[in-house]
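Student: Can you read through this structure? Questions will come right after.
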Amino acid sequence: MRTSTTTRSLLAAVAATALLAGCNAGAGTSPDGTADGGGAEGGSEAGGESAGETGGGASGGSDETVRVGLVAEPASLDFTTTDGAAIPQLLLDNVYETLVTVDQETGEIVPALATDWEVSEDRLTYTFTLEEGVTFSDGSEFTAEDAAFSLERVSSDAWTVSLKSQLDVVESVEAVDDTTLEVTLSRPSNSFLYALTTRVGAMFDTEGVDDLAEEAIGTGPYTFEAWDRGSQITLERNPDYHGDAPYFATVEMRYFQDANALNNAMLTDAIDVVSTVQAPESLAEFEGGDFQIIEGTTNGEVVLSMNQQEGNPLADPALREAVRHAIDHQALLDTCWAGRGELIGSMVPPTDPWYEDRTGDFPFDPARAEELIAEAGAEGTELRLRIPTLPYAVSCGTVVESMLEEVGLEVTIDELEFPAAWLETVFTNKDFDMSIVAHVEPRDMANVFGSPDYYTTYGTEEIQTLFEEADTGTEEEQVAKLQEAAALISEDAAADFLFLLPNLMVADPDITGLPTNAITESFDLGDLARE
């Protein structure tokens, strides 16, 4: 870790985090395949230095620029009011830091801006000791007042994203002195500490929140430098960072509209890292070449959501069950994602302590699907599959369409530009019958399926009770109740779980610090280096 030492670390606990995100942006493309706004012209140079140049950077770092290719450009820099995973992927741990964070290797909660913390015997009071000598990128000192301000702000009207509910359990926050923060909860919560590792735990400058959509003032190893919309976002090494300086002086996050353009950029040395391979079948292009390929796992459950609101066809549980029986998940994975990924059958990835394999709940059985459709009197029912313009959603959408039509349903696919059109139409207005999106936030089952007001439209009283009991109980009760919740969600056919996205990355052979597994919200750029 780049942060301070500690005398303790706590095991990661459940967080009621949520939400969708995607692995693509909705911008147009220029003739060379990059997203409109800069193309190759913004190119291989930043600050007058090419990516191949090295020199005497601070604290053992270099003067190099690393170029990271992505396909999910943020809609803004403000994750307090804008949903989606692209913003915390860029800014969390890199520009904004949290009091505690998750160790990617062990899954433990470890120190970040807090060097230590104590929990009262009744589990209601958390006392954090903060690191001294930390400053924000605008030069102001980070103190417990900033920490209190940041956590209190989550429950205010300033935060509008649904994820803010993770801190509803907070009753009061007090800055005891400059380096001591005391947080009191209304009830014991297993999810609270883990929630602080996510975006709701980001620490803001009390004087630095006036224009979060365009500016980012944090304590992290990098500072926000520039945004060439549709093309790239540039981060610069923070010269006053309180921890070990990152190796790379500059990071260029370059955004591409489609998977082929992203791959071509890597093959032609226009970028150094493909952060997430968007066409797994194309990995053969890199095998045997001068590249390293990383394959691990993620938290990204690819969910086929089904609108269960009264009056919609899929309010009928028999029809939802038919949908689940109609899908051959292995064939779907092989067809639309080159067999890369994992079948899990639920909203819990194997990296969570309460994981159980639920792929047997609704085995592929088209005959049973046809029986259920007939029982529901739903032969020929028309279903609108409204999907975001994300590679996995577009690719898998046509497979889902074909499989459902094989059992007698009529499916119409609408591709909605992501994020804006999809968020408005599906997520906000719930104007859909089915959709496909990857929920990539860690431990997000409660947020995704814990409220009927969420776009998944589930959130029964029974499931809400299970989530509450899991959060307030012992560690053993937490695991048992969350396993029970995952089983109930699956058995009620609240959605279908197509597969778990793999972590697929391609990079120059001498780039180090790339994560095997992507199980947090951020892409920790401070770990990257070149041998």
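The values are calculated or read from the model by the stated rules, or taken from the named source; none is laboratory data. Being a predicted model, the structure only gives us computed values, none of them experimental. So basically every Cβ, Gly included, is an ideal-geometry build from the backbone, and we count neighbours across all protein chains shown. What goes into the accessible areas is simple: the full protein's heavy atoms, side chains included, and nothing from ligands, DNA or RNA. Shrake-Rupley method; radii C 1.70, N 1.55, O 1.52, S 1.80 Å.
Student: Could you give the spread of the C-alpha atoms of region 171-264 along their three principal axes, from largest to smallest, in whole angstroms?
Tutor: Over region 171-264, Cα extents along the principal axes are 52, 30, 28 Å.
Student: Next question, about the same structure. Membrane-span-like helices in the chain: DSSP H runs reaching 18 Å or more (Cα, own axis), mean Kyte hydropathy at least -1.0?
Tutor: Span-like helices, by this rule, are 391-406, 475-491.
Student: Find out how many positive minus negative residues lie around Pro280, taking Lys and Arg as positive, Asp and Glu as negative, among other residues whose Cβ is under 10 Å from that of Pro280.
Tutor: Details: positive: Arg340; negative: Glu281, Glu295.
Local charge sum for Pro280: -1.
Student: Pop a pseudo-label 7 angstrom from the Cα along the beta-carbon direction at both Ala213 and Glu132 and give the gap in nm to one decimal.
Tutor: Label-label distance for Ala213 and Glu132, simple model: 4.2 nm.
Student: Using Cα centres only, tell me the gap between region 72-138 and region 514-531 in whole Å.
Tutor: 15 Å
Student: In nm, give the distance between the simple-model label positions of Glu287 and Asp453, each being 7 Å from the Cα along the Cα-to-Cβ direction.
Tutor: Roughly 4.9 nm, to one decimal.
Student: Could you sort 494-505, 395-406 so that the peptide with the highest average Cβ count within 10 Å comes first and the rest follow in order? Mind dumping the intermediate values first?
Tutor: Numbers: 494-505: 24.5, 395-406: 19.2.
Final packing ranking: 494-505, 395-406.
Student: Find how much the distance from Asp116 to Asp244 grows on full extension, using 0.36 nm per residue of separation minus their present alpha carbon separation; answer in nm with one decimal.
Tutor: 44.2 nm
Student: What is the Cα coordinate range of the chain on the first, second and third principal axes, sorted by size from largest, in whole angstrom?
Tutor: If we take the Cα atoms of the chain, the spans are 70, 59, 38 Å.
Student: Report the label-to-label distance for Gln104 and Glu462 in nanometres (one decimal), using points 7 Å from each Cα along the Cα→Cβ vector.
Tutor: 4.0 nm
Student: Rounded if a/c is under 1.5, else prolate if a/b is larger than b/c, else oblate: which is region 229-304, with a ≥ b ≥ c the root eigenvalues of its Cα gyration tensor?
Tutor: In terms of gyration-tensor shape, prolate.
Student: May I pose another question? How do Ser522, Ser172 stack up against each other in accessible area, from largest to smallest, with a 1.4 angstrom probe?
Tutor: Ser172, Ser522
Student: Follow-up. Taking square-rooted eigenvalues a ≥ b ≥ c of the alpha carbon gyration tensor, is region 207-256 rounded, prolate or oblate, where a/c under 1.5 means rounded and, failing that, a/b exceeding b/c means prolate?
Tutor: oblate
Student: Hey, another quick one. Going by average Cβ density within 10 Å per residue, which order do the peptides 483-493, 347-357, 154-164, 437-447 take, highest to lowest?
Tutor: 437-447, 483-493, 347-357, 154-164
Student: Can you work out the FRET efficiency for the pair Glu171 and Glu310, with r the C-beta to C-beta distance and R0 = 35 Å, to the nearest 0.05? Intermediate values should be presented prior to the final figure.
Tutor: Numbers: r = 36 Å, r/R0 = 1.02.
Taking R0 as 35 Å, the efficiency between Glu171 and Glu310 is 0.45.
Student: I need the peptides 177-190, 252-265 ranked by packing, meaning the mean over residues of other C-beta atoms within 10 angstrom, with the highest value on top.
Tutor: Highest to lowest by the protection proxy: 252-265, 177-190.
Student: Could you work out the percent of alpha carbon pairs in region 248-365 separated by over 19 Å, rounded to a whole number?
Tutor: Counting pairs separated by more than 19 Å, the tail of P(r) holds 62 percent.
Student: Would you check the accessible area of Arg324, probe 1.4 Å, heavy atoms only, in square angstrom rounded to 10?
Tutor: Per-residue accessible area (Arg324): approximately 10 Å².
Student: Apply the Karplus curve 6.51 cos²θ - 1.76 cosθ + 1.60, θ = phi - 60°, to the phi angles in region 424-434 and return the couplings in whole Hz, x for Gly and Pro.
Tutor: 6, 6, 8, 5, 8, 8, 6, 9, 6, 9, 9
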